[in-house]
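What follows is calculated from the coordinates using simple rules that are stated; it is not laboratory data. Note that this is a predicted model, so its numbers are computed, not measured. Note that we place each Cβ from the backbone using ideal geometry, even for glycine, and neighbour counts take in every protein chain shown.
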Amino acid sequence: MLSVNLGPLGLSVDRLLVMAAFLAALAIGWLVGRRRGVPRGAGIGAVLPDMLLVGLVAARVAFVAQWFEAYRAQPWSMLDVRDGGFTPWVGIAAALLYAAWRARRLPAVRVPLASGLLAGAVLWGGLSAAVHLMTQQAPGLPETRMQALSGAPVALAELAAGKPLVVNLWATWCPPCVREMPVLAAAQAAEAGVGFAFVNQGEAPERVAGFLAERRLALDNVLLDPPGALARAVGSRAMPTTLFYDARGQLRDTHLGALSEASLAAKLARLKEAR
């Protein structure tokens with residue numbers, strides 16, 4: 001499973017794991033602080049949210065600095081964190097340094113904070129390992145049969161042909177799908193060593209062809225999946241979803257939501273390294 005729907009909101013599993021770890025750390029830290037008689041306003045609740053904010057800002061700044069050229073043309077896009085562009089290890093290091101600084105100034109919070117962080121780390125590590133194991137045991141490229149715009153049957157393995165493959169699940173009515181399409185089109189034209197497949201979910205050929213013509217998008221490997229079978233096969237409940245398969249057909253990365261030039265470049269770089 002790649003995503004979970006909470007009402008109309010689709011959340012990726014990795015973000016849900018971070019949320020679960022944060023809540024676990026907050027709960028355990030609060031319980032430990034209560035038992036130790038830590039006064040209100042001086043417990044883990046006064047530190048953990050700030051840690052999260054510091055970590056996110058540091059991770060974003062580091063990512064933007066690394067991929068600055070991709071953001072140069074549209075500086076405002078540096079603030080659009082919906083593209084998922086973060087450097088996790090920088091964020092974790094910054095958050096821990098901030099926690100150490102706060103713990104030094106607030107001795108009463110040290111044990112609750114350490115207990116909460118340990119609980120959150122254990123939960124996140126265990127769940128992440130389980131998700132990773134499930135991903136590694138997946139059979140590889142789904143065998144779902146789809147159709148080209150011409151009506152010919154197509155399978156993803158035929159398009160991969162021994163190369164890494166990026167599979168984008170999209171629809172014309174999905175604003176983030178429309179927003180990221182030029183970015184994916186440019187990458188397809190530039191990346192000769194990586195295959196791209198654009199799998200439309202649930203729409204008629206006429207609708208898809210009209211959309212591509214209206215937007216003047218010259219895309220190869222536009223496929224039709226009227227029943228949404230591929231989304232069910234990979235466990236995606238939201239669009240756009242982008243899947244990154246290595247040359248052996250193993251799923252290496254996923255992205256839920258619109259990709260920016262920078263976030264796509266970062267994922268393609270990791271996909272090439274996986275060769």
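Listing for the model above:
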{"item": "Region 145-273: antiparallel DSSP beta bridges as a percent of all, rounded to 5", "result": "60"}
{"item": "Viscosity 0.692 mPa s, temperature 37 °C, Stokes-Einstein D of region 147-275 from Kirkwood C-alpha radius, µm²/s", "result": "225"}
{"item": "Distant-in-sequence amide H partners of SER236 (H built 1.01 Å from N, under 5 Å)", "result": "LEU2"}
{"item": "For THR144, THR242, order by how many other beta-carbon atoms lie within 10 Å, fewest first", "result": "THR144, THR242"}
{"item": "Rounded to 5, the percent of DSSP beta bridges in the chain classed as antiparallel", "result": "65"}
{"item": "Cα-based shape type of region 10-136, given that a ≥ b ≥ c are square roots of the gyration tensor eigenvalues and the cut on a/c is 1.5", "result": "oblate"}
{"item": "Protection-proxy order for peptides 172-179, 224-231, 67-74, each taking the mean of Cβ atoms within 10 Å per residue, highest first", "result": "224-231, 172-179, 67-74"}
{"item": "Computed [θ] at 222 nm, helices only, for the chain once each DSSP H run of length n ≥ 4 contributes -39500 (n - 2.57)", "result": "-17000 deg cm²/dmol"}
{"item": "Phi to ³J(HN,Hα) by Karplus 6.51 cos²θ - 1.76 cosθ + 1.60 over region 227-234, Hz, x for Gly, Pro", "result": "x, x, 5, 5, 4, 5, 5, 9"}
{"item": "Mean Kyte hydropathy of -0.5 or more with a Cα span along the axis of at least 30 Å, helices from DSSP in the chain", "result": "13-35, 110-136"}
{"item": "FRET efficiency, VAL18 to ARG215 (Cβ-Cβ, R0 22 Å, nearest 0.05)", "result": "0.05"}
{"item": "Ordering of 152-162, 187-197, 257-267, 108-118 by packing [mean C-beta count within 10 Å, highest first]", "result": "257-267, 108-118, 187-197, 152-162"}
{"item": "Average projection area in nm² (convex hull over Cα atoms of the chain, one quarter of hull surface)", "result": "15.9"}
{"item": "Exposure proxy ranking, count of Cβ atoms within 10 Å, fewest first, for LEU133, LEU212, LEU217", "result": "LEU133, LEU217, LEU212"}
{"item": "Residue-count net charge about PRO226 - beta-carbon cut-off 13 Å; Lys, Arg +1, Asp, Glu -1", "result": "0"}
